[in-house]
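Chemist: Quick one: the structure is below, questions incoming.
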């Protein structure tokens, strides 16, 4: 059954990729050699080569497809003789081989290749028009840091650092730098108001703390954008509430239903505060300059990581003295760094019937409230007192609205 399924997947993948290439094949003497039939045949050949009990047949088939692709390239009369079609033909053969081994993985690879080929114009526009030269350099630097430097950082608790694992801290620095770069792209493409707000919401699902740190460092460099950037940081708090709601829904639907009014109130409150800060910015959008320099500010990112490392040490020492059974104190201490771990633990306890709905909602409010303190400290370190004041006001308003909703719901 598996060989037949693999052949069927290979044929489907070949037809899918070949259809996309056929549309770009052109007409007349300038047309490309390979089209829908060539790609379908290449994929089926790969699946057959893998299925037949002939040693070395896959390698022979790969060599034949490579030779045919080379011949097709040199015989092409196209005015733009790229290698995309020839490379895609060889990869389609390999996907056919993979389809015979694992049909689901082969289908996924084929769909991914077809999407990549179809997105040609969008990718070209993104690389040549949407990204500036400096943003491209920043992106390449981030990729180098992620692929070269980050794996070299030890991934174990180190006594010299007080038992802290340095890998997550290094990943936090890289995450902040990535958000700095993404924020500048959003600011330039979507405008000085809409760009930061959207970037704040998306970044908040990754880490609201890192998002606020990134925005704070930008606020130091461009103080005329302080209110807009503070609004973006406030919007990132909406993602914290929504993520808590989704996390609890995955672990305990009844917990999510109980949390729904409070979480929505907190998310709406944070988003409303962010919109107000952005709308009442001191500088009009057209007066905000577009930065030409690099968006990466490693000094602020490293400083925030050091602050979080200090908080980690305090949390570890406090938990050793108080123990994990310290109730709300333990939840608050654990949530200083990440509220979602505490929320997940509480949701699991609620699902097991060990935590009532009242204590569940109170625990979530305590966790997010404790993490709010961390975000305010990070905002002060990264962006200064005025940036931190706006962030603190927005987060406090969001938390107060969620708490009042919870109180009203529990009374009702």
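Chemist: Checking residue 397 against (1) modelled with pLDDT under 90; (2) buried (at least 17 other Cβ atoms within 10 Å of the Cβ): exactly one of these is not met. Which one?
Modeler: (1)
Chemist: Another one. Restricted to the range 53-77, and to residues that are touching a residue at least 24 places away in the same chain (Cβ under 8 Å) and in a loop (DSSP other than H, G, I, E, B), which residue is surrounded by the fewest Cβ atoms within 10 Å (Cβ to Cβ)?
Modeler: The qualifying residue surrounded by the fewest Cβ atoms within 10 Å (Cβ to Cβ) is 77.
Chemist: Please name all residue pairs, on different chains or six or more residues apart, with Cβ atoms under 6 Å, provided the first residue is in the range 114-138 and is closer than 28 Å to residue 16 by Cβ and the second residue is modelled with pLDDT of 80 or more and assigned to a helix (DSSP H, G or I).
Modeler: Close Cβ pairs (under 6 Å, with a partner that is modelled with pLDDT of 80 or more and assigned to a helix (DSSP H, G or I)) amount to 114/16; 114/17; 114/20; 117/20; 118/20.
Chemist: Here is a list of conditions, (1) farther than 17 Å from residue 278 by Cα; (2) within 16 Å of the chain's Cα centre (by Cα); (3) modelled with pLDDT under 70, and residue 183 meets all of them except one; can you say which number that is?
Modeler: (1)
Chemist: Then there's this: Taking the range 251-260 on its own, how many of its residues are touching a residue at least 60 places away in the same chain (Cβ under 8 Å) and surrounded by fewer than 17 Cβ atoms within 10 Å (Cβ to Cβ)?
Modeler: Going through the range 251-260 one residue at a time, the tally reaches 1.
Chemist: Answer yes if at least one residue in the range 355-367 is outside any helix (DSSP H, G or I) and farther than 30 Å from residue 227 by Cβ, and no otherwise.
Modeler: yes
Chemist: Further question: For the range 272-290, indicate whether the set of residues that are assigned by TED's automatic domain parsing to the domain that holds residue 197, modelled with pLDDT of 90 or more and either closer than 29 Å to residue 177 by Cβ or over 23 Å from the mean Cα position of the chain (by Cα) (or both) is non-empty. If you could, list the steps in order and put the result at the bottom.
Modeler: Start the filter on the range 272-290 by keeping residues that are assigned by TED's automatic domain parsing to the domain that holds residue 197, which leaves 272-290.
Restricting the remaining residues to those that are modelled with pLDDT of 90 or more gives 272-273.
Filter once more, keeping what is either closer than 29 Å to residue 177 by Cβ or over 23 Å from the mean Cα position of the chain (by Cα) (or both): 272-273.
Within the range 272-290, one or more residues are assigned by TED's automatic domain parsing to the domain that holds residue 197, modelled with pLDDT of 90 or more and either closer than 29 Å to residue 177 by Cβ or over 23 Å from the mean Cα position of the chain (by Cα) (or both).
The values are calculated or read from the model by the stated rules, or taken from the named source; none is laboratory data. Remember, it's a predicted structure, so these values are computed and weren't measured experimentally. Neighbour counts are summed over all protein chains in view; Cβ atoms, including those assigned to glycine, are modelled from backbone coordinates with ideal geometry.
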